[in-house]
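One structure below.
The values are calculated or read from the model by the stated rules, or taken from the named source; none is laboratory data. None of these values were measured; they are calculated from a predicted model. Reconstructed Cβ throughout: ideal geometry from the backbone, glycine too, with neighbour counts over all protein chains shown.
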2 protein chains.
Amino acid sequence: MHALGRHLLLELKVCNSKVLNDLKKVQEIMVSAAKEAKATIVEISFHKFSPFGISGVVVIAESHISIHTWPEYGYAAIDIFTCGDVLKPETAANYLVDKFQSKNPSVMEVKRGMLSREGRLPHKPLKNFTPEDDRAKELQMVS
Amino acid sequence: MHALGRHLLLELKVCNSKVLNDLKKVQEIMVSAAKEAKATIVEISFHKFSPFGISGVVVIAESHISIHTWPEYGYAAIDIFTCGDVLKPETAANYLVDKFQSKNPSVMEVKRGMLSREGRLPHKPLKNFTPEDDRAKELQMVS
(Lines give C-alpha, C1' and ligand atoms only; values in the text may rest on other atoms or scores of the structure.)
Protein backbone atom coordinates (compact mmCIF):
# COMPACT_ATOMS: atom_id res chain seq x y z
CA MET A 1 0.00 0.00 0.00
CA HIS A 2 1.17 3.52 -0.68
CA ALA A 3 0.07 6.85 0.74
CA LEU A 4 -0.89 9.97 -1.14
CA GLY A 5 0.35 12.23 1.60
CA ARG A 6 2.41 12.52 4.76
CA HIS A 7 1.04 14.49 7.67
CA LEU A 8 3.28 15.59 10.50
CA LEU A 9 1.53 16.80 13.67
CA LEU A 10 3.90 18.95 15.74
CA GLU A 11 3.28 19.65 19.42
CA LEU A 12 5.69 22.44 20.30
CA LYS A 13 5.82 23.12 24.02
CA VAL A 14 7.99 25.53 26.02
CA CYS A 15 8.42 27.86 23.05
CA ASN A 16 9.42 31.50 22.99
CA SER A 17 6.08 33.12 23.84
CA LYS A 18 7.01 36.48 22.39
CA VAL A 19 7.65 34.91 19.02
CA LEU A 20 4.39 32.95 19.27
CA ASN A 21 2.52 36.22 19.62
CA ASP A 22 4.32 38.16 16.88
CA LEU A 23 2.14 38.01 13.76
CA LYS A 24 4.85 39.15 11.36
CA LYS A 25 7.44 36.74 12.73
CA VAL A 26 5.09 33.77 12.79
CA GLN A 27 4.08 34.40 9.20
CA GLU A 28 7.69 34.79 8.07
CA ILE A 29 8.74 31.62 9.87
CA MET A 30 5.89 29.57 8.42
CA VAL A 31 6.42 30.83 4.88
CA SER A 32 10.16 30.17 5.17
CA ALA A 33 9.43 26.68 6.45
CA ALA A 34 7.31 26.00 3.38
CA LYS A 35 10.16 27.18 1.18
CA GLU A 36 12.68 25.07 3.11
CA ALA A 37 10.46 22.09 2.33
CA LYS A 38 10.55 23.00 -1.38
CA ALA A 39 6.82 23.66 -1.42
CA THR A 40 4.89 25.65 -4.03
CA ILE A 41 2.97 28.28 -2.11
CA VAL A 42 -0.61 28.91 -3.24
CA GLU A 43 -1.93 31.20 -0.52
CA ILE A 44 -0.96 32.69 2.82
CA SER A 45 -3.46 33.54 5.56
CA PHE A 46 -2.49 34.63 9.09
CA HIS A 47 -4.55 36.26 11.82
CA LYS A 48 -3.89 37.53 15.30
CA PHE A 49 -6.45 37.07 18.05
CA SER A 50 -7.27 39.11 21.09
CA PRO A 51 -5.92 39.12 23.68
CA PHE A 52 -3.18 36.92 22.21
CA GLY A 53 -2.61 34.01 19.90
CA ILE A 54 -2.08 33.56 16.19
CA SER A 55 -3.62 31.22 13.64
CA GLY A 56 -2.35 30.79 10.14
CA VAL A 57 -2.22 28.58 7.11
CA VAL A 58 0.15 28.37 4.18
CA VAL A 59 -1.72 26.53 1.45
CA ILE A 60 0.71 24.67 -0.79
CA ALA A 61 0.05 22.59 -3.89
CA GLU A 62 -2.20 19.75 -2.71
CA SER A 63 -1.21 20.34 0.90
CA HIS A 64 -0.90 22.83 3.71
CA ILE A 65 1.13 23.95 6.70
CA SER A 66 -0.91 25.38 9.58
CA ILE A 67 -0.21 26.83 12.99
CA HIS A 68 -2.23 27.81 16.05
CA THR A 69 -0.33 29.44 18.91
CA TRP A 70 -1.12 29.84 22.56
CA PRO A 71 1.54 32.29 23.77
CA GLU A 72 0.05 32.25 27.25
CA TYR A 73 1.11 28.60 27.50
CA GLY A 74 4.21 28.76 25.33
CA TYR A 75 2.58 26.20 23.05
CA ALA A 76 2.00 25.91 19.32
CA ALA A 77 0.15 23.26 17.33
CA ILE A 78 1.55 22.86 13.83
CA ASP A 79 0.47 20.61 10.97
CA ILE A 80 2.66 19.88 7.98
CA PHE A 81 0.71 18.03 5.30
CA THR A 82 2.73 17.24 2.17
CA CYS A 83 2.30 15.09 -0.93
CA GLY A 84 4.65 13.64 -3.48
CA ASP A 85 8.37 12.99 -3.26
CA VAL A 86 9.76 16.46 -3.76
CA LEU A 87 8.64 18.02 -0.52
CA LYS A 88 10.66 17.43 2.65
CA PRO A 89 8.32 17.77 5.62
CA GLU A 90 10.99 16.86 8.15
CA THR A 91 13.08 19.76 6.95
CA ALA A 92 10.20 22.11 7.65
CA ALA A 93 9.60 20.47 11.02
CA ASN A 94 13.20 20.89 12.17
CA TYR A 95 13.19 24.48 10.99
CA LEU A 96 10.03 25.28 12.93
CA VAL A 97 11.21 23.65 16.16
CA ASP A 98 14.35 25.76 15.89
CA LYS A 99 12.68 29.08 15.02
CA PHE A 100 9.99 28.82 17.69
CA GLN A 101 12.73 27.73 20.13
CA SER A 102 10.69 24.85 21.49
CA LYS A 103 12.42 23.09 24.36
CA ASN A 104 9.90 20.25 24.37
CA PRO A 105 8.86 19.34 20.84
CA SER A 106 7.14 16.16 19.72
CA VAL A 107 6.16 14.98 16.25
CA MET A 108 3.69 12.36 15.12
CA GLU A 109 3.43 11.22 11.53
CA VAL A 110 0.24 10.01 9.90
CA LYS A 111 0.06 8.60 6.40
CA ARG A 112 -2.89 10.10 4.55
CA GLY A 113 -4.63 8.39 1.65
CA MET A 114 -3.41 4.83 2.03
CA LEU A 115 -5.18 3.29 -0.93
CA SER A 116 -5.27 -0.38 -1.83
CA ARG A 117 -3.60 -0.07 -5.17
CA GLU A 118 -0.49 -1.66 -6.57
CA GLY A 119 2.51 0.45 -7.40
CA ARG A 120 3.09 4.06 -6.67
CA LEU A 121 0.33 6.63 -6.67
CA PRO A 122 1.45 9.30 -9.10
CA HIS A 123 1.47 12.79 -7.68
CA LYS A 124 -0.04 15.50 -9.85
CA PRO A 125 2.93 17.27 -11.44
CA LEU A 126 3.79 20.67 -10.02
CA LYS A 127 5.12 21.86 -13.39
CA ASN A 128 1.57 21.98 -14.69
CA PHE A 129 0.29 23.68 -11.61
CA THR A 130 -2.37 26.15 -12.69
CA PRO A 131 -4.87 26.74 -9.90
CA GLU A 132 -7.48 28.27 -12.17
CA ASP A 133 -7.50 25.83 -15.06
CA ASP A 134 -10.05 23.09 -15.34
CA ARG A 135 -8.90 20.38 -17.71
CA ALA A 136 -10.69 17.56 -15.94
CA LYS A 137 -13.00 16.88 -18.85
CA GLU A 138 -10.03 16.03 -21.05
CA LEU A 139 -8.96 13.25 -18.75
CA GLN A 140 -10.64 10.12 -17.54
CA MET A 141 -11.54 10.15 -13.86
CA VAL A 142 -12.32 7.24 -11.58
CA SER A 143 -16.07 7.44 -10.97
CA MET B 1 -4.44 16.62 31.90
CA HIS B 2 -6.59 18.64 29.56
CA ALA B 3 -6.26 19.44 25.89
CA LEU B 4 -6.46 22.81 24.21
CA GLY B 5 -7.84 21.35 21.03
CA ARG B 6 -9.41 18.37 19.35
CA HIS B 7 -8.21 17.34 15.94
CA LEU B 8 -10.22 14.95 13.80
CA LEU B 9 -8.42 13.44 10.80
CA LEU B 10 -10.93 12.17 8.24
CA GLU B 11 -10.00 9.69 5.55
CA LEU B 12 -12.91 9.71 3.13
CA LYS B 13 -12.66 6.96 0.54
CA VAL B 14 -15.09 5.94 -2.21
CA CYS B 15 -16.56 9.43 -2.43
CA ASN B 16 -18.52 11.02 -5.25
CA SER B 17 -15.66 12.05 -7.54
CA LYS B 18 -17.68 14.68 -9.37
CA VAL B 19 -18.36 16.48 -6.10
CA LEU B 20 -14.68 16.18 -5.12
CA ASN B 21 -13.73 18.05 -8.29
CA ASP B 22 -16.37 20.78 -8.09
CA LEU B 23 -14.72 23.85 -6.57
CA LYS B 24 -17.96 25.66 -5.80
CA LYS B 25 -19.58 22.62 -4.19
CA VAL B 26 -16.53 21.72 -2.14
CA GLN B 27 -16.26 25.26 -0.80
CA GLU B 28 -19.99 25.41 0.03
CA ILE B 29 -19.85 22.06 1.80
CA MET B 30 -16.81 22.97 3.85
CA VAL B 31 -18.18 26.37 4.86
CA SER B 32 -21.50 24.78 5.78
CA ALA B 33 -19.68 22.18 7.84
CA ALA B 34 -17.93 24.93 9.78
CA LYS B 35 -21.29 26.56 10.47
CA GLU B 36 -22.82 23.22 11.49
CA ALA B 37 -20.01 22.97 14.03
CA LYS B 38 -20.90 26.45 15.35
CA ALA B 39 -17.54 27.84 14.28
CA THR B 40 -16.64 31.50 13.79
CA ILE B 41 -15.24 31.75 10.28
CA VAL B 42 -12.17 33.98 9.88
CA GLU B 43 -11.14 33.25 6.30
CA ILE B 44 -11.97 30.98 3.38
CA SER B 45 -9.41 29.86 0.80
CA PHE B 46 -10.11 27.24 -1.90
CA HIS B 47 -8.20 26.38 -5.04
CA LYS B 48 -8.64 23.98 -7.92
CA PHE B 49 -5.67 22.19 -9.43
CA SER B 50 -4.97 20.96 -12.90
CA PRO B 51 -5.89 18.45 -14.15
CA PHE B 52 -8.12 17.81 -11.11
CA GLY B 53 -8.22 18.09 -7.37
CA ILE B 54 -9.16 20.75 -4.88
CA SER B 55 -7.44 22.10 -1.79
CA GLY B 56 -9.04 24.41 0.68
CA VAL B 57 -9.02 25.75 4.19
CA VAL B 58 -11.65 27.40 6.33
CA VAL B 59 -9.77 29.23 9.07
CA ILE B 60 -11.92 29.48 12.19
CA ALA B 61 -11.18 31.15 15.51
CA GLU B 62 -8.09 29.35 16.87
CA SER B 63 -8.66 26.42 14.55
CA HIS B 64 -9.21 25.30 11.00
CA ILE B 65 -11.00 22.86 8.71
CA SER B 66 -9.04 21.75 5.66
CA ILE B 67 -9.57 19.50 2.69
CA HIS B 68 -7.47 18.03 -0.10
CA THR B 69 -9.28 15.99 -2.73
CA TRP B 70 -8.11 13.39 -5.22
CA PRO B 71 -11.13 12.92 -7.50
CA GLU B 72 -9.18 10.45 -9.59
CA TYR B 73 -9.15 8.14 -6.58
CA GLY B 74 -12.49 9.14 -5.05
CA TYR B 75 -10.56 10.17 -1.94
CA ALA B 76 -10.50 13.25 0.28
CA ALA B 77 -8.30 14.04 3.28
CA ILE B 78 -10.05 16.34 5.74
CA ASP B 79 -8.84 17.86 9.01
CA ILE B 80 -11.18 19.35 11.58
CA PHE B 81 -9.21 21.14 14.29
CA THR B 82 -11.38 22.77 16.96
CA CYS B 83 -10.85 24.36 20.36
CA GLY B 84 -13.07 25.09 23.31
CA ASP B 85 -16.39 23.56 24.28
CA VAL B 86 -18.74 25.33 21.91
CA LEU B 87 -17.60 23.76 18.67
CA LYS B 88 -18.90 20.31 17.72
CA PRO B 89 -16.32 18.68 15.44
CA GLU B 90 -18.24 15.40 15.20
CA THR B 91 -21.20 17.29 13.79
CA ALA B 92 -18.98 18.69 11.05
CA ALA B 93 -17.47 15.26 10.44
CA ASN B 94 -20.84 13.55 10.00
CA TYR B 95 -21.98 16.33 7.70
CA LEU B 96 -18.89 16.00 5.51
CA VAL B 97 -19.12 12.20 5.24
CA ASP B 98 -22.72 12.64 4.11
CA LYS B 99 -22.15 15.46 1.63
CA PHE B 100 -19.12 13.87 -0.03
CA GLN B 101 -21.06 10.58 -0.08
CA SER B 102 -18.15 8.57 1.24
CA LYS B 103 -18.89 4.86 1.34
CA ASN B 104 -15.72 4.12 3.30
CA PRO B 105 -15.01 6.85 5.84
CA SER B 106 -12.69 6.64 8.81
CA VAL B 107 -11.95 9.13 11.55
CA MET B 108 -9.05 9.42 13.95
CA GLU B 109 -9.03 11.88 16.85
CA VAL B 110 -5.90 13.47 18.26
CA LYS B 111 -5.87 15.68 21.33
CA ARG B 112 -3.74 18.76 20.68
CA GLY B 113 -2.06 20.75 23.41
CA MET B 114 -2.20 18.31 26.31
CA LEU B 115 -0.53 20.45 28.93
CA SER B 116 0.41 19.37 32.45
CA ARG B 117 -1.75 21.81 34.26
CA GLU B 118 -4.50 21.30 36.77
CA GLY B 119 -8.03 22.25 35.97
CA ARG B 120 -9.46 23.31 32.67
CA LEU B 121 -7.53 25.37 30.15
CA PRO B 122 -9.69 28.40 29.44
CA HIS B 123 -10.43 28.98 25.80
CA LYS B 124 -10.02 32.55 24.55
CA PRO B 125 -13.54 33.97 24.41
CA LEU B 126 -15.06 34.31 20.98
CA LYS B 127 -17.08 37.37 22.04
CA ASN B 128 -13.91 39.40 22.13
CA PHE B 129 -12.69 38.07 18.84
CA THR B 130 -10.96 40.91 17.04
CA PRO B 131 -8.33 39.57 14.67
CA GLU B 132 -6.49 42.86 14.32
CA ASP B 133 -6.23 43.99 17.93
CA ASP B 134 -3.10 43.51 19.94
CA ARG B 135 -3.82 43.74 23.65
CA ALA B 136 -1.13 41.30 24.69
CA LYS B 137 0.89 43.94 26.54
CA GLU B 138 -2.00 44.55 28.90
CA LEU B 139 -1.97 40.99 30.08
CA GLN B 140 0.65 38.85 31.69
CA MET B 141 2.03 36.10 29.49
CA VAL B 142 3.85 32.93 30.44
CA SER B 143 7.46 33.55 29.40
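The sole residue among B:K99, B:K48 that is more than 10 Å from every other protein chain (Cβ to nearest Cβ), of a type in the set (K, R) and surrounded by fewer than 24 Cβ atoms within 10 Å (Cβ to Cβ) is B:K99. Residue count for the range A:1-35 under the criterion of being surrounded by fewer than 19 Cβ atoms within 10 Å (Cβ to Cβ) and at pLDDT below 95: the result is 4. Every test in (1) over 30 Å from A:T69 (Cβ atoms); (2) in contact (Cβ under 8 Å) with a residue 60 or more places away in the chain; (3) not in a strand (DSSP E or B) is passed by B:P105 save one, and that test is (3).
To keep it simple, each residue is scored yes or no on (1) over 23 Å from B:A3 (Cβ atoms); (2) assigned to a loop (DSSP other than H, G, I, E, B); (3) at the interface with chain B (Cβ under 8 Å from one of its Cβ atoms).
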| residue | (1), (2), (3) |
| --- | --- |
| A:V19 | no, no, no |
| A:K24 | yes, no, no |
| A:E28 | yes, no, no |
| A:A33 | yes, no, no |
| A:E43 | yes, no, yes |
| A:F52 | no, yes, yes |
| A:V59 | yes, no, yes |
| A:I65 | no, no, no |
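Scan the range A:65-82 residue by residue and report those that are touching a Phe, Trp or Tyr at 6+ places or on another chain (Cβ under 9 Å) and buried (at least 23 other Cβ atoms within 10 Å of the Cβ). A:I65, A:S66, A:I67, A:H68, A:T69, A:W70, A:P71, A:A76, A:A77, A:I78, A:D79, listed by residue number. Residues of the range A:84-104 that are β-branched (V, I, T) and either more than 14 Å from the chain's Cα centre (by Cα) or modelled with pLDDT under 95 (or both): A:V86, A:T91.
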